[in-house]
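Structure first, then comments.
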Amino acid sequence: MYAPPVQRLITELSKLPGVGGRTAQRLAFHLLRASDADALALADAIREVKERIGLCEVCFNLADGPRCRICSDERRDPELICVVEEPSDVISIERTHEFRGRYHVLGGALSPIDGIDPEDLKIAELYARVRDGGVREVVIATNPTTTGEATALYIADGVRGTSPDVSVTRLASGLPVGADLEYADELTLGRALVGRRAV
Ligand SMILES: [Zn+2]
């Protein structure tokens, strides 16, 4: 129906989350109408982010270099590690200004139905980090969803098993159940962080 380059663009756009076939088509036509400079700026931004941004070698947050901004910041408390599912959750927690520790980004949540097992997440890396010493508390801030809760329990057990002297806490209740952290407002998330409890 379309010239092959146009069809290719529509196919690629429709792979984006929340973008169905019709939206992909609308976006493709928007890009065709846009100036060369605007359309190529988008293409360049995608290329640059893929070339320059990788995962932090310590916490697996997004990083422009071997270590992320937070792991490189000496003022951040290295004894306190907040475990989250995705890099976007780091942003949500940073916005509360209630956390001065460091992070550990799992890269998702356990979900046997979807074939996501402990080996698929950065869980062994977390245990190694905690076992290496110097950590006094692990704050588990996975999403208040079924998979997030299952992941929290699994990690709490694992940390207790490998490092019994380290306290393990979970965000306080009050977060919207079933929703992702990124949808919680800063005040609610900040309170949940301050009111975290031992698990
Ligand atoms: Zn890092």
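A short reminder: the numbers here are calculations on the coordinates, not readings from a lab. Keep in mind it's a predicted model, so treat the numbers as computed, not measured. Using ideal geometry, Cβ is built from the backbone for each residue, glycine included, and neighbour counts are taken over all protein chains shown.
Counting Lys +1, Arg +1, Asp -1, Glu -1, what net charge surrounds Val19 among other residues with beta carbon under 12 Å of its beta carbon?
+2
Note down the magnitude of the dipole of region 1-105 about its Cα centre, charges +1 on Lys and Arg C-beta and -1 on Asp and Glu C-beta and zero elsewhere, to the nearest 20 debye.
440 debye
Among Gly54, Phe29, Leu110, which residue has its Cα positioned farthest towards the positive end of the charge dipole of region 4-128, with +1 placed on the Cβ of Lys and Arg, -1 on the Cβ of Asp and Glu, and the dipole taken about the Cα centre?
Phe29
Which residue, Gly115, Gly148, Gly54, tops the fluctuation ranking in a GNM of the chain built on C-alpha contacts under 10 Å?
Sorting by GNM fluctuation, first place goes to Gly115.
Treating the beta-carbon of each Lys and Arg as +1 and of each Asp and Glu as -1, no other charges, what is the dipole magnitude of region 77-136 about its Cα centre, to the nearest 20 debye?
With only Lys, Arg, Asp and Glu charged at Cβ, the dipole is about 320 debye.
For Ala37 and Asp165, compute 0.36 nm times the residue count separating them, minus their Cα-Cα distance, and round to one decimal in nm.
Contour length minus Cα-Cα distance gives 40.4 nm.
Filter the chymotrypsin sites (Phe, Trp or Tyr not before Pro) in region 1-76 to those in DSSP coil with at most 13 other Cβ atoms within 10 Å of their Cβ, and list the result.
Tyr2
Can you run phi through the Karplus equation (6.51, -1.76, 1.60; θ = phi - 60°) for region 25-41 and list ³J(HN,Hα) in whole Hz, with x for Gly and Pro?
Couplings: 5, 5, 5, 4, 5, 4, 5, 5, 7, 5, 5, 4, 4, 5, 5, 6, 4 Hz.
What distance in nm separates the two pseudo spin-label positions at Glu74 and Leu16, each 7 Å out from Cα along the beta-carbon direction?
Here the modelled spin labels are 4.2 nm apart.
So which residue, out of Arg26, Arg95, Arg170, gets the largest mean-square fluctuation from a GNM of the chain using Cα contacts under 10 Å as springs?
Sorting by GNM fluctuation, first place goes to Arg26.
At 7 Å along the Cα-to-beta-carbon direction for both Leu27 and Thr188, put a label point, then send me their distance in nm to one decimal.
The modelled label-to-label distance comes out at 2.7 nm.
What's the extension gain from Asp120 to Ala198 if we count 0.36 nm per residue and subtract their Cα-Cα distance?
Additional length available on full extension: 25.5 nm.
Pick out which of Thr188, Thr169, Thr11 has the largest mean-square fluctuation in a Gaussian network model of the chain, springs linking Cα atoms closer than 10 Å.
So, out of Thr188, Thr169, Thr11, the one fluctuating most is Thr11.
Taking H placed 1.01 Å from N in the peptide plane, check which residues at least 5 places from Ile116 or on another chain put their amide H under 5 Å from its amide H.
Under 5 Å from the amide H of Ile116: Ser111.
Report, in debye and to the nearest 20, how large the dipole of the chain comes out about its Cα centre when Lys and Arg carry +1 and Asp and Glu carry -1 on their Cβ.
Dipole about the Cα centre, nearest 20: 240 debye.
Angle check, please: helix 4-13 long axis (alpha carbons) against the longest principal axis of the chain (alpha carbons), in degrees 0 to 90, nearest 10.
Approximately 20 degrees, to the nearest ten.
Label Ile53 and Arg100 with points 7 Å out from Cα along Cα→Cβ: what is the distance between them in nm?
For the pair Ile53/Arg100, the computed spacing is 2.8 nm.
Amide H neighbours of Leu175 under 5 Å, at least 5 residues apart or on other chains, H built in the peptide plane: list them.
Long-range HN contacts for Leu175: none found.
Could you list which residues have their amide H under 5 Å from that of Gly101, counting only those 5 or more apart in sequence or on another chain, with H placed in the peptide plane?
The answer is Asp77.
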